[in-house]
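These notes concern the structure reproduced below.
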Amino acid sequence: MFHSDIIKIAVGCGWQVSITACGNNSFYFDFQRITRNGLPFSFTAAMTGGRISSLVDEIISFVGKTQ
């Protein structure tokens, strides 16, 4: 999966995404959106070693902490 695919999926779900390279085929994905109450909300998830599964694991871990 390419970064552009991740961005397309996120945008389709109402998120804005920026990506920062951090070496060794690893990247930080910053996700931002406005909540239904009009407040800004954001979180950052890392993809390490070029593995999309590491990004998914970080997102799932974050979601689990907020519920």
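The values are calculated or read from the model by the stated rules, or taken from the named source; none is laboratory data. What you see is a predicted model; the values in this text were computed from it and never measured. Neighbour counts run over all protein chains shown; Cβ positions are idealised from the backbone, glycine included.
Residues that are of a type in the set (A, V, I, L, M) and under 18 Å from Asp5 (Cα atoms) were ranked within the range 32-59; the one that is nearest to the chain's Cα centre (by Cα) is Ala45.
Exposed (fewer than 11 other Cβ atoms within 10 Å of the Cβ) and either part of a strand (DSSP E or B) or at pLDDT below 95 (or both): which single residue out of Gly64, Gly38 fits that description? Every option except Gly64 fails the conditions. In this structure, is Phe29 aromatic (Phe, Trp, Tyr) and touching a Leu at 6+ places or on another chain (Cβ under 8 Å)? Spelling it out, Phe29 is indeed aromatic (Phe, Trp, Tyr) and touching a Leu at 6+ places or on another chain (Cβ under 8 Å). How many of the residues making up the range 20-32 are touching a helix residue (DSSP H, G or I) at 6+ places or on another chain (Cβ under 7 Å) and either over 18 Å from Asp57 (Cβ atoms) or modelled with pLDDT under 95 (or both)? Looking only at that region, the number is 0. Contact map, the range 7-32: residues that are on the phi > 0 side of the Ramachandran plot paired with residues that are in a loop (DSSP other than H, G, I, E, B) and not charged (D, E, K, R), Cβ distance under 9 Å, separation 6+ or inter-chain. Pairs shown: Asn24/Thr48; Asn24/Gly49; Asn24/Gly50; Asn25/Thr48; Asn25/Gly49; Asn25/Gly50.
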